[in-house]
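The values are calculated or read from the model by the stated rules, or taken from the named source; none is laboratory data. Small disclaimer: the values here were computed from a predicted structure and weren't measured. With ideal geometry, Cβ positions are generated from the backbone for all residues, glycine too; neighbour counts draw on all protein chains shown.
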Amino acid sequence: MTEWAEKIEGLMKEDLNRLETNLRKIRSNQISLEAIEELTIEQQGKKQKIEQLATLKINPERQLVVHVFEPKKIQVINKAILESELGYQQVKMEKDEICFSLPPMTGETRQQLIKNVGKKIEQGKIDLRASRKKVLKEIDNLMKKKELSKNEQKLAEKEIEKVNEKYLKKIQELQKKKEKELTL
């Protein structure tokens, strides 16, 4: 792999990771500890992930149980989970523990979530195009300065296109997987 392929691979990997994180934040039919762990709360100008403030588990009744380390933060954590796109409903709250359930999805909710997945996927593709454009621009600048031969340019562009196709396929796989989660 040449330096151009490595460069575009790194940029597109970041784009894909960001997309995966965004897709995890969209509710599915199953309780997802990963999605909750990704949620952040802000207090006194400081952002923290919920996983730093509480332990998470799924109880036998298929409820999300959040055990808060500091009881004074229970309201903030409760609010963050309820206001997320994950669709959880509070079942009960005690001094240091909150239980949430995930109500069944309606057809309308499911369609809205699939539409939201489509928007996130489109943004992921836009990010890939921006990364590709950035690297191609660097190659063009080197060509103008005569620091890169025509053959090197063609080879670099070919490699960039291969990496781009690979990541577009990965994005399509992510979309199919998430949409399947929503329809199960």
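Worth a mention:
- Here Lys146, Lys169, Lys154 are screened, and the one residue that is assigned to a helix (DSSP H, G or I), farther than 30 Å from Thr109 by Cβ and either over 16 Å from the mean Cα position of the chain (by Cα) or outside the structural domain of Leu16 (by TED's automatic domain parsing) (or both) is Lys154.
The rows are residues; the columns are (1) at pLDDT 90 or above; (2) surrounded by fewer than 16 Cβ atoms within 10 Å (Cβ to Cβ).
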position: Met1; (1), (2): no, yes
position: Leu11; (1), (2): yes, no
position: Asn59; (1), (2): no, yes
position: Asp96; (1), (2): yes, yes
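- Residues located in the range 139-156, provided they are surrounded by 15 or more Cβ atoms within 10 Å (Cβ to Cβ) and not hydrophobic (A, V, I, L, M, F, W, C): Glu152, Gln153
- Test for Gln75: is it polar (S, T, N, Q) and at negative phi: yes
- Candidates Ile31, Ile77 - the one that is buried (at least 18 other Cβ atoms within 10 Å of the Cβ) and either closer than 24 Å to Lys115 by Cβ or touching a residue at least 40 places away in the same chain (Cβ under 8 Å) (or both): Ile31
- For Glu157, the conditions (1) over 16 Å from Ser28 (Cα atoms); (2) without any contact (Cβ under 8 Å) to a residue 12 or more places away in the chain are fulfilled apart from (2).
- Test result for Lys7, buried (at least 17 other Cβ atoms within 10 Å of the Cβ), within 22 Å of Ile171 (Cβ to Cβ) and either at pLDDT below 85 or of a type in the set (Ser, Thr, Tyr) (or both): no
- Check on Asn78, out of contact with any helix residue (DSSP H, G or I) (no Cβ under 8 Å at 6 or more places or on another chain), in the same structural domain as Gln48 (by TED's automatic domain parsing) and of a type in the set (S, T, N, Q): yes
- Scoring Glu70 on the criteria (1) surrounded by 13 or more Cβ atoms within 10 Å (Cβ to Cβ); (2) not assigned by TED's automatic domain parsing to the domain that holds Arg129 leaves a single failure, condition (1).
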